[in-house]
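**Q** Below you will find the structure I want to go over with you.
The values are calculated or read from the model by the stated rules, or taken from the named source; none is laboratory data. Bear in mind that the values here come from a model prediction, so they are computed numbers and not experimental data. Reconstructed Cβ throughout: ideal geometry from the backbone, glycine too, with neighbour counts over all protein chains shown. Quick note on the areas: whole protein, heavy atoms, side chains included, nothing else; ligands and nucleic acids left out. Shrake-Rupley method; radii C 1.70, N 1.55, O 1.52, S 1.80 Å.
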Amino acid sequence: MIRRRFPAIALAATLGLAVATPMAAQSARIEDRASFDIILRGITAGRLSIAAAQEGSRYSVSGRLESTGIAAMLRRFQYTAEAGGSITQGRYAPARYSENADTGRRQSRSSMEFRGGRPANVVNEPARDPRPYDVDPATMRGAVDPVTALYATLRDVDAGGECAFDQNMFDGRRATRITLSAPQRQGDTVTCSGVYSRVAGFSPEDMAEKTRFPFTLTYAPAGDGRMRVVEVSTDTLYGKALMKRR
């Protein structure tokens, strides 16, 4: 699934997730940075890094997913994405999103704005002819972009607030959903059950192949009563994948 645009969370392909570590807790502006190694079938295949900033109710976030090590020698890929918007009572409302992808075989660019909670001015390059299963952006009210979903899902949370996430996403062409639930405490860690779902905008072949990708997400103490995502485990179309915090 790495080949399918900036994956919400690299998610069904490797669940690219990351955020944390307040760098300026004493000020109104909080900056977060984190990176994860992506391990596929026991081999480190990539790295995902995220940088985010929140000031008052405004946020901005950027992410980078790239192949590393032997995987980079066999097949290079790189995705970068940026988004920004506002946060109200814990709900994210993106205002803009842009993405650049290079799979080594294909390059693409996407961008969109959000108006009234709906995606607008969606641009996908290279353009292609309409398809019967295309998603009308006007029907995506309340959906967020993939990199905002990464930030919202995996930033540090107060102890007791783990696994509380259920969000529709839209990347400019495809509608997906991430749901976290069922927190299980073991010692000082908490594990969540999660599902990444294909909803619409995928070809009939893709939908017949698989629509639900279960995963587990593990939190560990980050200090000051906060919990931090340290590992994500999932089955992908390419085998078992882990994402471990660096």
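**Q** So for the range 3-18 (the condition being modelled with pLDDT of 95 or more and of a type outside the set (Val, Ile, Thr)), does at least one residue qualify? I'd like the intermediate steps shown before the answer.
**A** The first filter runs over the range 3-18 and keeps only residues modelled with pLDDT of 95 or more, leaving none.
Looking through the range 3-18, none of the residues is modelled with pLDDT of 95 or more and of a type outside the set (Val, Ile, Thr).
**Q** Follow-up. Failed condition for Asp32, given (1) open to solvent by less than 50 Å² (accessible area, probe 1.4 Å); (2) at pLDDT below 95; (3) within 30 Å of Asp206 (Cα to Cα), with all others met?
**A** Here Asp32 clears every test but (3).
**Q** Anything in the range 148-181 that is open to solvent by 50 Å² or more (accessible area, probe 1.4 Å) and hydrophobic (A, V, I, L, M, F, W, C)? List them, or say none.
**A** Result: Ala159, Ala164.
**Q** Just for the range 199-216: of the residues that are within 30 Å of Pro132 (Cα to Cα), without any contact (Cβ under 8 Å) to a residue 40 or more places away in the chain and assigned to a strand (DSSP E or B), which one is most open to solvent (accessible area, probe 1.4 Å)?
**A** Arg212
**Q** Something else: If you go through the range 83-112 one residue at a time, how many are among the acidic types (Asp, Glu) and buried (at least 19 other Cβ atoms within 10 Å of the Cβ)? Outline the logic, then answer.
**A** Going through the range 83-112, the residues among the acidic types (Asp, Glu) turn out to be 99, 102.
Now narrow it down to the ones that are buried (at least 19 other Cβ atoms within 10 Å of the Cβ): 99.
So the count comes out to 1.
**Q** Tell me the residue from Ser62, Ser108, Ser86 that is outside any loop (DSSP other than H, G, I, E, B), farther than 27 Å from Ala164 by Cβ and of a type in the set (Ser, Thr, Tyr), please. Before you say what the answer is, go through the steps one by one.
**A** Details: Ser62 fails: farther than 27 Å from Ala164 by Cβ; Ser86 fails: farther than 27 Å from Ala164 by Cβ.
The match here is Ser108.
**Q** If you don't mind, another one. Looking only at the range 217-233, decide whether some residue is of a type in the set (Lys, Arg), open to solvent by less than 50 Å² (accessible area, probe 1.4 Å) and closer than 23 Å to Ser108 by Cα. Steps first, please.
**A** Filtering the range 217-233 for residues of a type in the set (Lys, Arg) gives 226, 228.
This time we only want the ones that are open to solvent by less than 50 Å² (accessible area, probe 1.4 Å), so: 228.
Add one more test, that the residue is closer than 23 Å to Ser108 by Cα, and what stays is none.
No - not one qualifying residue is present in the range 217-233.
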